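Read through the structure below, which is laid out as structure tokens, and then see the notes.
What follows draws every value from the coordinates through simple rules; no lab data is involved. All values reported here derive from a predicted model rather than from experimental measurement. With ideal geometry, Cβ positions are generated from the backbone for all residues, glycine too; neighbour counts draw on all protein chains shown.
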Amino acid sequence: MTSTSQAFLFDGKAIPFDSNETIAMALDRAGIRTLGAGQGNSTGRYFCGIGTCQACTVSVDGTRMEACLTPARIGLQVERIASVSL
Amino acid sequence: MSDREVLVIGGGPAGVAAALEMARGGLKVTLCEQGPRLGGAIHRQPDDPSRRVRVPKAQRQRWQALAEALAASPVTVLCRHMFAGVEGSGAVLLEDRASGRIVTRHPAALVLALGGVERATPVPGWQLPGVVTAGGLQMMMKSTGRAPDGDVLLAGSGPLLVAVAAQLTALGKAPVAVLERSTSAVSLRALAGLIRAPAYLWEAAGYLLPLTKAGIRLQRGASVRSIVPAGDRLSVTIVDTIGLEQRLVVDRVALHDGLLPNGNGTTPAPNGPFTVLAGDCREVLGGVAAIADGRLAGLAVLARLGQAAPDLAGAAATLRRERRTQSALNTLFDYSGSDAAHLPDDTVICRCEGRTLGQLRGMLAAGDRVSAREIKLNGRFGMGACQGRFCAEWVAAFVASQRDGQPPQVAEIVGSRWPVKPVPVSAFVDLPPSSPSE
């Protein structure tokens, strides 16, 4: 079932998603490619799609999670993570 | 049924086949999958059947048979449970993503079916948003049933590039080009190996014919030299066999240089349960072999725990056949590394922490012979959040190419401590200890 009425928030902006979409997929369809400050001059972004590279890690309701593994849900508060200093 | 629990990590074909075999043998089986759904990277599909991405019929039927058997079995399935490793006392740690808690288990045996990871060879700019792995791009397509928007360039080496190109084309979004870096010709030996496995030839034909019909540019011996941002797009310099350079401006670049076993977390823990590896994390042989290998892993556990085990001579034969086929395929896509001499010093090697080739070259030039542990602890290669999954193999090969003698081992660079993936500290300290039924 496709519904445009369901959305989560990404840095405060409503992002619509289809059922069974991950956060990464919904963000990609919304044209969002930069997922955070990343580390070591490497911007946060989608890369491997299977939870291995950790590059798409975002904050989901305050907890760090891979956007590619996390199912989109109505009302989730997803945020870019600011640069991590080592 | 035995009251002893066995644990399977990974809900792809190898994990499901292992779980079924052990359940049939009378063991109490729990199957853990990190993602929201089973199927592994190979059998991902959207819920909406009208949107399904075309896959070979035999592949679809294989998963359907496994999924039906699983539904009819007493196997307990836990999705969104990440394998975090085996800790010192031997407990298996799982992070339950829905509750944000670590759960511990003490299974009588553990089957690890962690799948493969893609190899992507470093090029300047491969860390930019819009550059993905071919498998990552395919995952998006398979899960949503939609082609990603924008112009796509596929580059690297391996049959997956052609498969992804065909799936993009079938969704009406043909790639700009497919660049295959290998130049090896089809040898008689390889051909003989493939003819013994006609399913692969049919699959290849099923991918190649639509690409030829659609006039897709398939170029052997060509590779990506660098990627730079061009506004919202990516400007890619490609180089062909005779060294001619060309520039392409695209929206996405999908890189792929074959598959490697996902080895992180597979080193046996001193006090851990009896552990068997199954599927691509043991040996990359593909989806057919993964089912056979999963069954054999299940058999090994049954034998170890003294349960009656069936004769699986057929599965062993399947594994041998798939190994022959894979070795024939490997001669066609002979990834033998890429020449690093042309890579500039500012090429990012460690994608997690932005460590560059110049920093690695500097370490090697500093005099003392650098050990595998120093590469990680001082150089920070393999130290970042992915734990070396996308740089350790390349770094080990590069270091070996720069000096004689014993090359550093990937496992030594990476190390084998839990957690094998980042786990929030809150999963350990904020919440009361969990007490699952063990």
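Could you work out the local net charge near B:G10, counting Lys and Arg as +1, Asp and Glu as -1, over the other residues with Cβ closer than 10 Å to its Cβ?
With Lys, Arg at +1 and Asp, Glu at -1, the neighbours total -2.
Which of B:L244, B:L312, B:L299 has the fewest other C-beta atoms within 10 Å, and how do the rest follow up to the most?
Exposure proxy ranking, most exposed first: B:L244, B:L312, B:L299.
I need to check one value: relative contact order of segment B:118-258, counting alpha carbon pairs closer than 8 Å and at least 6 residues apart, in percent.
Computed over segment B:118-258, the figure is 37 percent.
In a Gaussian network model over chain B where Cα atoms closer than 10 Å are linked, find which of B:L305, B:L93, B:L112 has the largest mean-square fluctuation.
B:L305
Cut-off is 10 Å between beta-carbons; in what order do B:S338, A:S59, B:S371 appear when sorted fewest neighbours first? All intermediate terms of the calculation are to be shown ahead of the outcome.
Numbers: B:S338 19, A:S59 16, B:S371 13.
Least crowded to most crowded, the residues run B:S371, A:S59, B:S338.
Starting from the exponent 0.38 and prefactor 2.2 Å, build the expected Rg for chain A from its residue count and divide its actual Cα Rg by it.
1.02
Can you grab the distance from the C-alpha centre of segment B:75-138 to the C-alpha centre of segment A:1-55, Å, no decimals?
19 Å
Within a 10 angstrom radius of the beta carbon, how do B:L7, B:L38 rank from fewest other beta carbons to most? Could you put the intermediate results ahead of the total?
On the way: B:L7 26, B:L38 21.
With the fewest neighbours first, B:L7, B:L38 line up as B:L38, B:L7.
Mean Kyte-Doolittle of at least -0.5 and a Cα length of 18 Å or more along the axis: which whole DSSP H helices of chain B meet both? Write out the running numbers ahead of the final one.
Details: long enough: B:57-71 (21 Å, -0.75); B:198-213 (22 Å, 0.34); B:287-304 (26 Å, 1.19); B:313-332 (29 Å, -0.57).
Those that clear 18 Å and a mean of -0.5 are B:198-213, B:287-304.
I'd like the mean, over residues of A:20-33, of how many other protein chain beta carbons sit within 10 Å of each residue's own Cβ.
4
Return the single residue from A:G44, A:G31, A:G62 with maximal mean-square fluctuation; model: Gaussian network over chain A, springs between Cα atoms under 10 Å.
Result for chain A, Cα springs under 10 Å: A:G31 fluctuates most.
What number, in percent, do you get for the relative contact order of segment B:348-414 if the mean sequence gap of Cα pairs under 8 Å and at least 6 apart is divided by its residue count?
So the answer I get is 33 percent.
For chain A, what's the relative contact order in percent, using C-alpha pairs closer than 8 Å and at least 6 residues apart?
34 percent
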